[in-house]
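The values are calculated or read from the model by the stated rules, or taken from the named source; none is laboratory data. Small disclaimer: the values here were computed from a predicted structure and weren't measured. All Cβ positions, glycine included, derive from the backbone under ideal geometry; neighbour counts span all protein chains shown. SASA here: full protein model, heavy atoms, side chains in, ligands and nucleic acids out. Shrake-Rupley method; radii C 1.70, N 1.55, O 1.52, S 1.80 Å.
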Amino acid sequence: MIELKGVDFSYWDKQVLKDVSFKVNDSELVVVMGPSGSGKSTVLRLILGLECPSAGQVIVEGQDICVMKERDKRVIRKRIGMVFQDGALFDSLTVGENVGYYLLEHTRLKWPEISQKAGEMLGFVGLNPEEVGDKLPEELSGGMRRRVAIGRALLSTNPRAMLYDEPTTGLDPTATKNVLSLITKLHQEKGIASVIVTHQIADALEIADRFVVIYAGHVVFDGSLEELRVCEDERVVGFLEPFRKSFERVAAKNFVNGL
């Protein structure tokens, strides 16, 4: 579905990514993690074609998005849902209008039909449209806003892939659990390929099929949870040491589930 091949990227005179390569297969959930400033969010901008690398290729559905014309990039983007940090909802629009925004702006559907579709999507992401549809984003909790953002992405693009930038940062444990459950639901029920950028490592361990660790712009690990747990690379070990208890908890949970 998505592949980065030997990607270099710089902001002005600072190189952010260096020879970065990894794949995201169809229906796979990949977590990209690493220290702050390591280039994680830049990866998402490259996948969307919002930035182009100075070297290498960014392949989406078999096409190098970096050499496309802008109108062709927009076609690709329609198949990729993006959930930004903090949800990035429109403050002046209601929840229902936020979810239905793409249909309102880019189709000829009338508002009653759009409202119905938005309500169905709110239900899918675990929100009651009758309770939240007419509210403004500021009236919702952080976790509810993230779920609204996911619903908007789904209704806007009917995506084959979803990109999430720090989807659980700043949320309380209950809201975090709800958002992670929704991401897992999309992954399992709809078979959507997903890329999650996060520094919330304990959360990532619960849901990912595969992990990519970026350190100082380089991919220093690409593999499964078990491979990550026993990795001896000093950079990976140092980054993950604070989360060792989370590793053991998830490993024990997986062992019990496998019995």
Calculated from DSSP helices alone, with each H run of at least 4 adding -39500 (n - 2.57) and the total divided by the residues of the chain, [θ]222 nm to the nearest 500 comes to -12500 deg cm²/dmol
Under a cut-off of 20 Å between alpha-carbon atoms, report the lysines in cross-link reach of LYS110, not counting same-chain residues fewer than 8 places apart. none
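What is the packing order of peptides 83-91, 225-233, taking the mean over residues of other C-beta atoms within 10 Å and listing the highest first?
Values: 83-91: 16.9, 225-233: 13.7.
Going by the mean number of other Cβ atoms within 10 Å, highest first, we get 83-91, 225-233.
Within the range 161-229, what percent of beta bridges assigned by DSSP are antiparallel, to the nearest 5?
That works out to approximately 50 percent antiparallel.
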Sorted by packing (mean other beta-carbon atoms within 10 Å per residue), highest first, where do 141-149, 57-65 land? 141-149, 57-65
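Expressed as a rounded percentage, what relative contact order does the chain have, with Cα pairs under 8 Å and six or more residues apart?
Numbers: 475 pairs, mean separation 66.3, N = 259.
Reported as a whole number, the value is 26 percent.
Determine by what factor the alpha-carbon radius of gyration of the chain differs from 2.2 N^0.38 Å, reporting the quotient. Don't skip to the answer; put the middle values down first.
Numbers: Rg = 18.7 Å, N = 259, 2.2 N^0.38 = 18.2 Å.
It is 1.03.
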Can you spot the aspartates and glutamates whose alpha carbon is less than 14 Å from LYS135's alpha carbon? Ignore those fewer than 8 places along the same chain. ASP91, GLU97
Derived scalar couplings ³J(HN,Hα) [the range 21-27; Karplus, 6.51 cos²θ - 1.76 cosθ + 1.60; whole Hz; x for Gly, Pro]: 9, 6, 10, 10, 7, 3, 6
For the chain, the percent of accessible surface on carbon and sulfur atoms (probe 1.4 angstrom, ligands and nucleic acids excluded) is 48 percent
What is the set of long-range amide H partners of GLU51 at a cut-off below 5 Å, with H atoms built 1.01 Å from backbone N? LEU46
Other-chain or far-sequence residues with amide H under 5 Å of GLN85's (modelled H): ASP165
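What accessible area per residue comes out for the range 103-188, rounded to a whole number of Å², with a 1.4 Å probe? Let's see the in-between values first.
Details: 4370 Å² over 86 residues.
I get 51 Å² per residue for the range 103-188.
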Rg and Dmax of the range 1-116, Cα atoms, in Å? 16.8, 51
Fully extended contour minus Cα-Cα distance, from GLU227 to LYS185, at 0.36 nm per residue: 12.7 nm
Residue-normalised accessible area of the range 2-65, given per residue in Å² at a 1.4 Å probe: 42 Å²
Whole-Hz ³J(HN,Hα) for each residue in the range 40-46, computed from phi via Karplus 6.51 cos²θ - 1.76 cosθ + 1.60 with θ = phi - 60°, x for glycine and proline: what do you get? 4, 5, 4, 4, 5, 5, 5
Check which residues have an amide H placed less than 5 Å from SER21's amide H, if you skip close sequence neighbours. GLY6, VAL7, VAL219
Fraction of antiparallel bridges per DSSP, the chain only, in percent to nearest 5: 55 percent
Using a 1.4 Å probe on heavy atoms of the protein chains only, the accessible area for MET1 in Å², nearest 10, reads 40 Å²
Straight-line reach from LYS69: which lysines have a Cα under 27 Å away, not including same-chain ones fewer than 8 places off? LYS5, LYS14, LYS18, LYS23, LYS40, LYS78
Can you work out the Karplus-derived ³J(HN,Hα) for every residue in the range 117-129? Use 6.51 cos²θ - 1.76 cosθ + 1.60 with θ = phi - 60°, whole Hz, and x for glycine or proline. 5, 5, x, 4, 5, 4, x, 5, 8, x, 10, 7, x
Along the Cα-to-C-beta direction of ASP91, a point sits 7 Å from the Cα; which residues of the range 133-161 have their amide N less than 13 Å from that point? 137-139
